[in-house]
Amino acid sequence: MCGIFAYAGPGNCAEVIINGLKSLEYRGYDSWGIALKTKNNIELKKSVGKVSEATELEAVKAYAGIGHTRWATHGNVSIENSHPHTDSEKRIYVVHNGIIENVAELRKFVSGDRFYSKTDTEIIPKLIARLLNRYSFPAAVKEVVGKLRGNFAFVAIDRDSNYLVAARNGSPIVAALNRNKFYISSDLQSLVPYTDKAFLMNDGEMAIYNLDDSSVEFYNFLDRKEIIKVQENYSVQFGDCRRGDFKHFMLKEIFEQPVRLRQTFEVNVTDFDIRFAQPLGAGIFKDINRIVIIACGTSWHAGLVAEYWLESLVRMPVEVEYASEFRYRSPVLSADTLIIAISQSGETADTIAGIKEAKELGARVLSVCNVPGSTIARISDATVFTQAGPEIGVASTKAFTTQLEMLFLLTLYLAQYRQKISPKDVINYLKNLAEIPEKMERVLGKTEQIIKIMEAHYTVSNALFLGRGVNYPIALEGALKLKEISYIHAEGYPAAEMKHGPIALIDRHMPTVFICIRDQSYEKVLSNIQEVKARNGIVIAVANDNDKRITELADHVIFIPETIVELSPFLTVVPLQMLAYYIADKRGCDIDKPRNLAKSVTVE
Ligand code: AGP
């Protein structure tokens with residue numbers, strides 16, 4: 001998952017491209033590169049590290065350029081492997097996101113060329129250059145793109161002709177024309193400062209921009225036809241993308257959750273009646289007898305929580321699958337299966353592939369997504385949008401809790417549709433849901449206490465997170481948060497599972513975080529806590545206010561307000577997000593851009 005940003009037009013090209021790349025660094029940030037088209041040449045600058053150091057390029061008088069911020073897939077992190085890549089004559093420059101799967105086969109078309117990098121990308125400019133003696137630059141790109149296999153998006157620029165060409169096949173890319181200014185980017189959000197309309201490109205499409213007359217043409221390289229596209233107003237709700245007074249975006253987004261939950265509720269519920277902002281279409285739930293949820297990472301954890309809700313309230317069989325496994329598993333689906341795909345970015349390659357597989361097998365797809373105009377939003381049969389606003393921190397927080405909210409609303413809606421619960425019950429659940437933001441604000445007020453726990457344990461190397469029932473997925477989520485931003489190894493388990501192995505890990509160096517609220521398994525979890533204490537383990541508990549018994553057992557207790565058990569995940573996850581954040585901050589980690597990670601995993 002890399003970031004692509006290209007610009008052609010008046011003004012300071014380098015500055016526009018650098019700003020574009022900065023807003024795309026959530027997609028990858030181990031190295032960057034920019035190629036600027038000047039009157040007679042192309043100026044190239046590449047570097048390892050973050051694009052903020054690129055300002056020296058702003059002195060270059062250029063009228064077009066392409067830029068890239070990289071998350072390494074093929075080839076290690078180095079200047080040679082960073083983009084743009086070029087041909088032997090240094091005429092064609094290309095930036096690319098995705099993977100070219102048939103590089104080995106394509107190399108025979110450029111025999112004799114010396115490759116300077118270990119990337120798959122380098123084959124693209126070399127293939128284009130080989131055709132320039134017979135084709136124009138745009139025509140050469142059309143020939144080459146038809147030979148490429150795999151998920152990719154790339155932009156190419158030519159030293160000797162005035163075109164900018166982009167192609168999309170499986171990785172996201174959008175184009176926008178605002179009078180004589182042309183933009184290409186990996187996402188819509190980075191275009192917000194420049195335009196509110198864009199060409200939403202689909203797989204198999206190419207954009208060919210003519211710098212001389214500021215015109216753009218589109219071409220479908222799969223059926224080799226010119227196509228007509230119009231720019232669409234993208235109503236992407238971009239709240240304030242600045243960090244404000246917060247030290248990190250992640251901290252801002254943790255504290256933003258109550259507001260975002262209120263917005264998500266207000267947009268989809270009127271007078272305690274569920275009316276989704278996006279009409280689902282009458283047929284989406286018709287004759288459904290089974291639900292399969294597909295997602296990755298934190299979104300997969302949201303799916304696990306929804307499984308408890310759907311099975312208990314809708315009384316329908318539900319399976320939750322990693323999208324990456326689902327798509328290769330030859331799943332058995334049919335017309336009565338509803339796929340619920342969950343994705344914050346709407347660009348996760350494995351989830352996109354899972355959706356495509358499910359649709360080929362005849363299933364309907366309903367997505368829960370945070371980015372209107374994203375690929376998943378466009379290929380699903382219906383989509384409901386969270387109102388989380390842009391989530392910049394790589395570690396997902398507000399997107400997760402707003403996903404939970406949308407999934408709970410879908411559960412209530414489906415349960416009522418199938419007459420499994422009464423309208424009175426729905427109103428009661430909605431009233432409890434409406435109280436969550438205020439209760440969450442009370443949990444967010446526990447900063448000092450959580451910092452004390454951090455001070456005691458930020459040097460640990462391992463941690464266990466345990467929960468039961470609807471809070472077992474929250475144990476998984478707490479473990480993921482800690483490991484992805486503090487690099488501490490952490491595992492989540494169902495609390496009852498501890499005695500089937502993980503208890504062997506317990507000693508006085510191992511903190512175990514328990515979610516121990518007053519639900520049907522409260523007594524059982526208390527026993528699990530005693531089992532850990534009997535082995536000198538450290539116990540950090542998330543428990544309900546005024547729970548006296550837990551204070552006698554646990555080393556640390558973070559109290560949270562009571563709510564109905566179904567909704568407890570909204571409150572139990574917040575202390576775990578905060579604990580992970582403060583530990584990672586104390587350990588000096590790059591919290592918003594953790595090593596090796598990216599916000600949107602657009603490669604398989
Ligand atoms: C969560 O903190 C991670 N950033 C990651 O697991 C993420 O949830 C996963 O990559 C799925 O992303 P998506 O929701 O955009 O599809």
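Quick notes
- Karplus-derived 3J(HN,Hα), 6.51/-1.76/1.60, for each residue of segment 256-272, Hz, glycine and proline x: 7, 4, x, 5, 5, 5, 4, 4, 5, 5, 5, 6, 10, 10, 10, 6, 6
- Ligands, DNA and RNA excluded, the heavy atoms of ARG549 present near 110 Å² of accessible surface to a 1.4 Å solvent probe.
- Along its principal axes, segment 239-329 has C-alpha extents of 49, 39, 23 angstrom, given from the largest down.
- For segment 471-604, pairs of C-alpha atoms spaced more than 23 angstrom apart make up 35 percent of the total.
- Solvent-accessible surface (1.4 Å probe) assigned to GLU89 amounts to roughly 130 Å².
- Using alpha-carbon coordinates, inclination of helix 398-417 to the longest axis of the chain, degrees: 70 degrees
- In terms of accessible area, using a 1.4 Å probe and ignoring ligands and nucleic acids, CYS589, CYS13 rank largest first as CYS589, CYS13.
- Heavy-atom accessible surface of the chain: percent carbon and sulfur, 1.4 Å: 49 percent
- The mean sequence distance of close C-alpha pairs (under 8 Å, at least 6 residues apart), as a share of the length of the chain, puts its relative contact order at 12 percent.
- Charge context of THR402, other residues only, Cβ under 13 angstrom, K/R +1, D/E -1: -2
- Amide hydrogen proximity for VAL539: with H placed 1.01 Å from N in the peptide plane, the residues at 5 or more positions away or on another chain lying under 5 Å are THR512, ASP555, HIS556.
- Cα gyration tensor shape of segment 556-603, rounded if a/c is under 1.5, else prolate or oblate by comparing a/b with b/c: oblate
- Accessible surface comparison of HIS500, HIS68, HIS556, probe 1.4 Å, protein chains only, largest first: the order is HIS500, HIS556, HIS68.
- For the set HIS457, HIS509, solvent exposure ranked by accessible area (probe 1.4 Å, protein chains only) runs largest to smallest as HIS509, HIS457.
- For the chain, the longest principal axis of the alpha carbon atoms and the long axis of helix 423-444 meet at an angle near 80°.
- Whole-Hz Karplus values for segment 195-201 come out as 6, 10, 10, 7, 8, 7, 7 Hz, taken residue by residue from phi with 6.51 cos²θ - 1.76 cosθ + 1.60 and θ = phi - 60°; glycine and proline positions read x.
- Only one residue of PRO258, VAL525, PHE199 has its Cα farthest out toward the positive end of the dipole of the chain, where Lys and Arg carry +1 and Asp and Glu -1 on Cβ, and that residue is PHE199.
- Residue among LEU177, HIS489, ALA59 farthest towards the positive dipole end of the chain, charges placed on Cβ: ALA59
- The chain: C-alpha gyration tensor shape, a/c 1.5 cut-off, then a/b vs b/c: prolate
- Dipole magnitude for the chain: about 780 debye, using +1 per Lys or Arg Cβ and -1 per Asp or Glu Cβ, origin at the Cα centre.
- Once you reduce segment 82-121 and segment 527-591 to the center of their Cα atoms, the two points are 51 Å from each other.
- Near the amide H of TYR163, within less than 5 Å, lie the amide hydrogens of ASP158, LEU211, all on another chain or at least 5 residues away, with H placed in the peptide plane.
- Full-extension gain in nm, GLU325 to SER136, via 0.36 nm per residue minus C-alpha separation: 63.7 nm
- For TRP309, solvent-accessible area (1.4 Å; no DNA, RNA or ligand), Å²: 0 Å²
- Residue-wise HN-Hα couplings along segment 50-63, as the Karplus relation 6.51 cos²θ - 1.76 cosθ + 1.60 with θ = phi - 60° gives them from phi, are 8, 5, 4, 7, 8, 4, 4, 5, 5, 7, 6, 7, 10, 10 Hz; Gly and Pro carry x.
- Relative to one another, the C-alpha centroids of segment 424-439 and segment 302-370 are positioned 26 Å apart.
- For the chain, adding -39500 (n - 2.57) for each run of n ≥ 4 DSSP H residues and dividing by the number of residues yields -10000 deg cm²/dmol at 222 nm.
- Given LYS50/LYS599; LYS398/LYS599; LYS247/LYS446; LYS108/LYS356; LYS359/LYS481; LYS50/LYS593, the pairs whose alpha carbons are separated by over 21 Å: LYS108/LYS356; LYS359/LYS481
- Placing unit charges on the Cβ atoms only, positive for Lys and Arg and negative for Asp and Glu, gives segment 445-602 a dipole magnitude near 320 debye about its Cα centre.
- Rounded to the nearest 20, the Cβ-based charge dipole of segment 141-246 about its Cα centre (Lys and Arg +1, Asp and Glu -1) stands at 160 debye.
- Å² per residue, accessible surface of the chain at 1.4 Å: 38 Å²
The values are calculated or read from the model by the stated rules, or taken from the named source; none is laboratory data. The structure displayed is predicted, hence computed values, not measured ones. As a convention, Cβ positions derive from the backbone with ideal geometry for all residues, glycine included, and neighbour counts pool all protein chains shown. Areas reflect the complete protein model, heavy atoms only, side chains present, ligands, DNA and RNA absent. Shrake-Rupley method; radii C 1.70, N 1.55, O 1.52, S 1.80 Å.
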